[in-house]
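Contents: one structure, followed by commentary.
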């Protein structure tokens, strides 16, 4: 085999390969049937169907997520109102207990003290009406019970 025969053979093989490539490209680009386009169409159709289901499921998940977020927000606000209501109740109850304790203390220990307070006011009136009143007689803390002469 000479050089010319080898070149002729390689050239023939290259032309046949080019023809084969063109034939395959034509079959794939125009959807002309063949062994690869039929099953591929079925697989693409099946994938498109699955994607529709995935999309529907994703939309349902998003809708459920927004309702869950709203429920969590409602729970937070309910918990906040319960906390503030409990704090208000504790304040009212403790204030009521303090008022009752003051009243009981005054009734138990201060009942006899009120008459002494009246005696102090009378003593202050007497001091104001004396000929030489002491310096504390005109003290504004103890108001006169009767007008001075």
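Just a few scattered comments:
- Remark: the residue 16-residue 28 segment gains 2.5 nm on full extension, using 0.36 nm per residue and subtracting the alpha carbon distance.
- Cβ-derived FRET efficiency at R0 41 Å, residue 106 paired with residue 132, nearest 0.05: 0.60
- Computed from the Cβ-Cβ distance with R0 of 30 Å, the FRET efficiency linking residue 67 to residue 89 stands at 0.40.
- A straight chain from residue 58 to residue 5 at 0.36 nm per residue would run longer than the Cα-Cα distance by 12.5 nm.
Every number here is computed from the coordinates shown, using simple stated rules; none is lab data. Computed from a predicted model, the values in this text were never measured in an experiment. All Cβ positions, glycine included, derive from the backbone under ideal geometry; neighbour counts span all protein chains shown.
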